[in-house]
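To start, the structure itself, in structure tokens.
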Amino acid sequence: MIDSRPVRGNTAVRRRRQCERCGARFTTYEAIFVEPVVVIKKDGRREPFDRAKLFAGIEKACQKRPIPREQLDQIVGNIETELSSRYPPEVPTREIGERVMERLRDLDEVAYVRFASVYRQFRDVSQFIESIRSILERGAGGLKP
């Protein structure tokens, strides 16, 4: 083995190897088995955690914002890693949503408000205004452009 390093949010290991007989080099990827996380929906249904679904929701909130895709992937990877270390491996959607909002609040306040408005199902403008007011009171000094 020549080189070894974690990839995809520490869910796999990339190894660079060399054949001892012929000297050819090749790369292998070894996935780390993680017990699947089960998401408990608001209506009580259970379904497997879907990384792509989480990424799509965060990406939608960050649409037309100056946030690199790699940063969104890192957020999703961090949340996925946190969830996979839980035992029992069941998590309510509420907890996932709170983790996303926590990270978006620090990353981009506009994306945070967008995500919160869908996640918290704002029923009227007053709830939207209250969310923005809480950001301003937090000492942010205003929304980032």
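Looking at the square roots a ≥ b ≥ c of the eigenvalues of the Cα gyration tensor of region 91-138, which shape do they give, rounded for a/c under 1.5, prolate if a/b is larger than b/c, or oblate? Here region 91-138 falls in the oblate category. Computed packing ranks the peptides 68-80, 110-122 as 110-122, 68-80, most packed first, by mean other Cβ atoms within 10 Å. Using C-alpha pairs under 8 Å with a sequence gap of at least 6, the mean separation divided by the residue count of the chain gives a relative contact order of 17 percent. The order of the peptides 47-59, 97-109 by mean Cβ neighbours within 10 Å, most packed first, is 97-109, 47-59.
Rounded to the nearest Hz, the phi-derived 3J(HN,Hα) couplings of region 113-122 under the Karplus curve 6.51 cos²θ - 1.76 cosθ + 1.60 (θ = phi - 60°) are 5, 4, 5, 4, 5, 7, 4, 8, 6, 3, where x marks glycine and proline.
Each value in this text was obtained by applying a stated rule to the coordinates, not by laboratory testing. Quick caveat, the model's predicted, so the values are computed rather than measured. We place every Cβ from the backbone using ideal geometry, glycine too, and count neighbours over all the protein chains shown.
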